[in-house]
1. Kindly provide the set of residues from segment 765-819 that are closer than 30 Å to Thr85 by Cα, polar (S, T, N, Q) and open to solvent by less than 60 Å² (accessible area, probe 1.4 Å), ordered by number.
2. Cβ contacts < 6 Å: first residue farther than 20 Å from Glu447 by Cβ, restricted to segment 483-496; second residue assigned to a loop (DSSP other than H, G, I, E, B) and charged (D, E, K, R), any location; separation 6+ or different chain. Result?
3. Those residues that are more than 13 Å from Ala65 (Cβ to Cβ), free of Cβ contacts under 8 Å to residues at least 60 places away in the same chain and in contact with a His (Cβ under 9 Å, 6 or more places away or on another chain), I need them from segment 363-389; list them, please.
4. What strands (runs of 3 or more DSSP E) lie completely within segment 327-446 and have 2 or more residues being modelled with pLDDT of 95 or more and of a type in the set (Gly, Ala, Ser)?
5. Here are Trp643, Trp658: which of them is hydrophobic (A, V, I, L, M, F, W, C), within 33 Å of the chain's Cα centre (by Cα) and at pLDDT 95 or above?
6. Kindly evaluate Ala826 against the criterion of being within 30 Å of Asn709 (Cβ to Cβ), within 28 Å of the chain's Cα centre (by Cα) and part of a loop (DSSP other than H, G, I, E, B).
7. Which count do you get for residues in segment 578-590 that are crowded, with 20+ Cβ neighbours inside 10 Å and among the hydrophobic types (A, V, I, L, M, F, W, C)?
Amino acid sequence: MNLLRLTLATLLLTIFAVPAHSQQWRQRRSNEGITETFKWRSIGPGNMMGRVSALDVLNHDHKVALVGAASGGVWLTVNGGITWTPIFDNYGAASIGDVAFFQPDSSIIWVGTGEANNRNSSAWGDGVYKSTDYGKTFTNMGLEETHQIARIATHPTDKDILYVAAVGHLWGYSGDRGLFKTTDGGKTWKKLTNGLPDDGKTGCTEIRMHPKNPDILYAGMYHRLRTPWSMHSGGPNGGIFKSVDGGESWTKLTNGLPEGQTGRIGLSIYYSNPDIIVAYVEASDKLPDDLSIPGPGVYRSEDGGESWKYLYRHMSRPMYHGRIEINPLDDNLIYVIARQYAFSDDGGKTWSGKPWGGAGGDDHDLWLSPVDRDVFYTAADQGAHLTEDGGKTFRNFTNMAIGQYYAIGVDMRDPYWIYGGLQDNSNWGTPSNTRESRGIMTHHSIEIAGGDGFHNQVDPTDWRTVYTVCHVAGVGRINMETREHKFISPTPATVTNFMDYAEADYEETLVDYTIDPGEGWLWRDIPTRLIKGSTLPPHFRFNWNSPLVLSPNNPRTIYLGGNHLFRSVDRGETWTIISPDLTTNDPEKRNSSGTGGLTREVTGAENHCTIITVAESPLNEELIWVGTDDGNVQITSDGGKTWTNVRSNIEGVPECTWVSRVEASHFEQGRAYVTFDGHRFDDNKAYVYMTENFGQTWLDISGNIPHGNALYVVREDFVNPDLLFVGSELMCFVSTDRGRTWERFMNNMPTVAFHDLKIHPRDADLIAGTHGRSLWILDDITPLQQLTGEVRQKDVHMFKNRVATKWLELDMGDDQVYFEFRGENAPRGASVSFWLKNKPAEEISMTIEDIAGKYSKTISFEADQGINRARWNLEFPVTETKIEKFRQTLLAAVAEIEKEKLSREHTSQLAGIKSTIDSAEGIRELNDAYIDLTFSFGQYAKGRPIFGKQLNNSIEAPAGKYKVTLDVDGKEYYGFVEVRNDPLL
């Protein structure tokens, strides 16, 4: 029996790493070592990329670039995007507002956290970070309460001088906002006022520095505020301001600019002649649509801002875009970075659309090379892109997995697939595991429907049937085998009891959208049923992210949440309304037609007074829970005949707080969980509650979850009633005691928003749909499912192990080494998990053997208190009997050849090979002898298999059941592991 050392490749005992930003969750082992052995893996996809909010590039070498993802951290390339490295994974925010090199010394990198593009899904940050080692490490330098940072301006020669434009909290007037300056590298900060507005509402959205005189600065000041039902962009104290003394004093520039309120502002200074400045100014969209009066759009100054000329009226979603650039090598080239891109090549006299294609849409940033006018990077909702030929061709960076998932679903294929919807990037399906040796590649993922993608659900009895939703309840059903698809959004004709809920005298009209949402975004090849973006009259409302949920009791039954709850029992062919209006139905909040502020902005993102989460009890199909975006928690126990709002029974949560998730228990009908997300009221506290009596009373189980973790999702395990998971804006937490205490569950996972979590019903994997880093899987939580109080009291416990699979390995023939995303496949081999109440005094040993005792392997390793997991590679060492049999086969072959008439030289050579065979101590020496023998004397075999076959270094374990013996401090414990063949076989 060979004793083999267990290497890092065969033993998965991971280290518990915690970001430095959270002192409460500093690096440590948990009290009992429960979470350390579990590790997340990234599966992508990278195909659709995700929103990029900021770019910076070295002026003298465009191959060195930074990308700030809107909710996916910071990425660095040193080779023009052939490869990217995430350099901001374990810090206090994933949402990025701006990134900046200090150009004279690129080892200094600044990151401003908190995306400043003001959309309903924009997250927040925790200040400014600085690296002095080229991004290897970062330090938080302050301004933690600014939340959203729009722009950073570095000094051209002094590394200690920096300006930060902080637009401030998006959902309230708390915290800090304005323009800040440091003169000591970020140790201290001064808020610049003295001419700049300081009203507690107006922040700074732009800061630009004169390229020849760093004391001359231009700032764009901006007031905006979101509520769950509105967006207001613009205020009386905004505008363009100039300083000539390094920010000590400021003058508002007005000559030729719009009078009255202004909104978001973008600025760009012409490098060769800094007196030339272009500005993008949001002003009232009610101003004349000619150029007779300064209004929204593009302005140009040729005297350092003293006067301005109105060049072009433009108002394409400025709150979301609002940036402008002038080419540093040619002042005739002006770019308005927006959904409706505008470009001028004659200094602003005439305008056209985007002068290139194939680089995404809904742009947010543009970097133009100061040394080569053909080189520039773009940033859009669909990622980052580089051109080196003036836009004729682009390199689209699909090698960053920064997808922004809203919701996910899984099927029951083997291996299973994950389906999900993404911000402005459609609905996609991705395998959880492949047989491709390189991993999960971009070509493995498939787009199934368009639009801003949201909920995707799969019939658990038929993987071909997938339900998919785009923004504002555009619902479709698709056959994944044939791709046949159909719109199934409810219409008056398909709602069986529509007349029971019709309100002919309803006082409001349909929402007047500026961009129509709805089912037409899913597929363009079949006719829609939309009227002004809706399939139903105005008294029916649907959220931007309308929930579509399958019944856990009947896969043909689906639910769709509006302000009423819709149910279909025939896969969406027809619908029945099974509730009254379950929301507050507030007339001040329920119609978003007038939202936007200076520029009307009505896309459905502010639709309010709607259902946002639905859960049918797995134990009783008549028992249904509903949560609304305006704070109601409703329950029916009779299939929708009667409803009770139990929200008033939940104490400690501010009124009208968004109900982010309801979760019906798998174990007790009266038990349910609910999370609230208060960040839309500028409240980032964690709220999670449990009821045991159908909502009559509630227990706050937020416990030790740190403040700042607004919660998006709660999941109860379906095996262990004490096992819970929650996902927040920053991380995932696990509780093994039904919410009494929580642990950070982030091994190998970057800081990111967890918008959805699923537990695969067959494989027991925990799956995360993140809003910024695509999909992640934490494989095999079965030890947590088996972790009971009884197990914790044992000195040693062998868990029941998940069946291991001998996956086939295929090569698809793509030899691309770089410039591709490779998701991680499921770990190969078998995992063996066990519990140790205390750390053993010595190394432990584990023996795996077949039931007949023919094969055996022993490995030794250090273990620790808590859950441990070892991974067996499904191989056994070659037995001494087999080695000796191979030796005898070779000696018999030598004997056969010795009967032949050999030359003196061959006789001597054969004698040497025989001597090697006799003295060989292992497989390698015998295989070498085999090669020498067959190469020099193969002709004497005459077609007979006299040489046998070379030995492999190990024996592959056949499918079957294997005994596991664990030796801990001299005492043995027993378990089993089962191995199966690839299900294709």
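The values are calculated or read from the model by the stated rules, or taken from the named source; none is laboratory data. None of the values given here were measured: they were computed from a predicted structure. A quick note on method: Cβ atoms are made from the backbone with ideal geometry, for glycine too, and the neighbour counts reach across all protein chains shown. Heads up: the accessible areas ignore ligands, DNA and RNA and are worked out on the full protein's heavy atoms, side chains in. Shrake-Rupley method; radii C 1.70, N 1.55, O 1.52, S 1.80 Å.
1. Within segment 765-819, Thr770, Ser774 qualify.
2. From residues that are farther than 20 Å from Glu447 by Cβ, the pairs are Thr491/Arg529.
3. Asp363
4. Details: elements: 334-337, 342-344, 363-368, 376-380, 383-387, 405-410, 417-422, 427-431.
Fully inside segment 327-446 and qualifying: 342-344, 376-380, 383-387, 405-410, 417-422.
5. On the way: Trp643 fails: within 33 Å of the chain's Cα centre (by Cα).
Going through Trp643, Trp658 in turn, just one is hydrophobic (A, V, I, L, M, F, W, C), within 33 Å of the chain's Cα centre (by Cα) and at pLDDT 95 or above: Trp658.
6. Values: within 30 Å of Asn709 (Cβ to Cβ): yes; within 28 Å of the chain's Cα centre (by Cα): yes; part of a loop (DSSP other than H, G, I, E, B): yes.
It is true that Ala826 is within 30 Å of Asn709 (Cβ to Cβ), within 28 Å of the chain's Cα centre (by Cα) and part of a loop (DSSP other than H, G, I, E, B).
7. 1
Quick grid of which residues meet (1) modelled with pLDDT of 90 or more; (2) open to solvent by less than 10 Å² (accessible area, probe 1.4 Å); (3) under 15 Å from the mean Cα position of the chain (by Cα); (4) not acidic (Asp, Glu):
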site: Ile15; (1), (2), (3), (4): no, no, no, yes
site: Val18; (1), (2), (3), (4): no, no, no, yes
site: Gln23; (1), (2), (3), (4): no, no, no, yes
site: Gln27; (1), (2), (3), (4): no, no, no, yes
site: Asn31; (1), (2), (3), (4): no, no, no, yes
site: Lys39; (1), (2), (3), (4): yes, no, no, yes
site: Gly46; (1), (2), (3), (4): yes, yes, yes, yes
site: Asn59; (1), (2), (3), (4): yes, no, no, yes
site: Ala65; (1), (2), (3), (4): yes, yes, no, yes
